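Below is one structure, written out as structure tokens; the observations come after it.
The values are calculated or read from the model by the stated rules, or taken from the named source; none is laboratory data. Just so we're clear, the structure is a prediction, and the values are computed from it rather than from any experiment. Note that we place each Cβ from the backbone using ideal geometry, even for glycine, and neighbour counts take in every protein chain shown.
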Amino acid sequence: MNTSFMERLLDALNQNRLVLPAFPEAAMRARDVAERLDASALDVAREVAKDPALTARILKVANSSMFGFRQNTGSLQQAISRMGLDHTKTLVTNFALMQLMAPPKAAYGQLIARVRTHCAEVAAVAYTMAEIGGRQSKNRALLAGMLHDIGYLPLIQFAKNEPDAFLLDPAFMAELKELHLQVGNMLMMYWQFAPDLMNTVSDHHNLACDNSSEVSLREVVALANAWVRADEVERAELLQSELAEKVNVTGFGKEQEARIGEIKRFFS
């Protein structure tokens, strides 16, 4: 690892000069509207409609087998009514994150694509685990899974002008592993996300159970992240752990595997 680069990166962090990406405006407005107590599907649809790509993705999900409606709809308002405001808010935020992680044509784009693919898989597994376990919101688990490695984004962007060989050296991402937790926490504060999401982003490598008897988002995503990174033998051991028992997930059948694949396709 280039010590000069790490010195510059740490200096940027210590001096608060690391550039943090702004959250997409249309998605932020739609999310804010959906959180209002008097919000309606029409209110949210008006904001989502300002972003054609976001509109297309919401309609795609609403018409998918995930919801099981008999007839497809081309109406954004009807799609949002079908899914509910809570689910729509989660999807809007997730799709906005996918836009932020759209990989450019460069070596550092390969790294962003790798992070994006991993986040989408963890999000799908976390959603499925929450659905199986029934002890945490599956919508929140989906969002937390998509967010968990977001701290890598500003770090990779900081290095975008480094040589390709430097960026594609496995040691580069390994060196960023601890920093991405700190930067992810900074990004959560900048975007004004909820404390439970912030805690997930900053502590998702921790496989210990929390002291509370309630299952936290962090626990679901930590289990999902470990499961995605594990091989077949390690996965079997993981699903016998104390954490898996608390989350109430002790195995995946063909139906759950298919569910994970279906959700991952929404983010492709």
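Data overview
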{"read-out": "Subset tally (residues that are outside any loop (DSSP other than H, G, I, E, B) and either of a type in the set (D, E, K, R) or modelled with pLDDT under 90 (or both)) for segment 5-26", "value": "5"}
{"read-out": "Hits in segment 184-207 (condition: surrounded by 16 or more Cβ atoms within 10 Å (Cβ to Cβ) and more than 15 Å from the chain's Cα centre (by Cα))", "value": "MET186"}
{"read-out": "So GLU219, is it assigned by TED's automatic domain parsing to the domain that holds ALA123 and under 17 Å from ARG135 (Cβ atoms)", "value": "yes"}
{"read-out": "Long-range neighbours under 6 Å by Cβ, at least six apart or interchain, first residue without any contact (Cβ under 8 Å) to a residue 60 or more places away in the chain within segment 93-105, second of a type in the set (A, V, I, L, M)", "value": "LEU97/MET146; MET101/ILE112; PRO103/ILE112; PRO103/ALA113"}
{"read-out": "Yes/no for GLY184 being modelled with pLDDT of 90 or more, on the phi > 0 side of the Ramachandran plot and in the same structural domain as VAL201 (by TED's automatic domain parsing)", "value": "no"}
{"read-out": "Subset of segment 30-86 [in a loop (DSSP other than H, G, I, E, B), modelled with pLDDT of 85 or more and aliphatic (A, V, I, L, M)]", "value": "ALA39, ALA49"}
{"read-out": "Flag for ASP164 being within 23 Å of GLY109 (Cβ to Cβ) and more than 14 Å from the chain's Cα centre (by Cα)", "value": "yes"}
{"read-out": "Criterion (of a type in the set (Ser, Thr, Tyr), crowded, with 18+ Cβ neighbours inside 10 Å and touching a residue at least 12 places away in the same chain (Cβ under 8 Å)) met by exactly one of SER65, SER81", "value": "SER81"}
{"read-out": "Selection count where residues are surrounded by fewer than 17 Cβ atoms within 10 Å (Cβ to Cβ) and in contact (Cβ under 8 Å) with a residue 40 or more places away in the chain, scope segment 14-38", "value": "4"}
{"read-out": "Flag if LEU167 is under 27 Å from PHE5 (Cα atoms), at pLDDT 90 or above and not polar (S, T, N, Q)", "value": "yes"}
{"read-out": "Candidate set: segment 241-268, residues that are under 24 Å from ASN206 (Cα atoms) and surrounded by fewer than 12 Cβ atoms within 10 Å (Cβ to Cβ); chosen: the one farthest from the chain's Cα centre (by Cα)", "value": "GLU242"}
{"read-out": "Qualifying position, being buried (at least 20 other Cβ atoms within 10 Å of the Cβ) and among the acidic types (Asp, Glu), among ASP164, ASP210, ASP149, ASP169", "value": "ASP149"}
{"read-out": "Within segment 160-268, helices (runs of 4 or more DSSP H) holding 3 or more residues that are charged (D, E, K, R)", "value": "170-191, 217-229, 232-238, 242-247, 254-266"}
{"read-out": "Set ARG218, ARG229: member being buried (at least 20 other Cβ atoms within 10 Å of the Cβ) and basic (Lys, Arg)", "value": "ARG218"}
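Residue by residue, here is whether (1) of a type in the set (Lys, Arg); (2) buried (at least 23 other Cβ atoms within 10 Å of the Cβ); (3) closer than 15 Å to LEU143 by Cα holds:
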| position | (1), (2), (3) |
| --- | --- |
| ALA41 | no, no, no |
| VAL48 | no, yes, no |
| LEU59 | no, no, no |
| ASP86 | no, no, yes |
| LYS89 | yes, yes, yes |
| VAL122 | no, yes, yes |
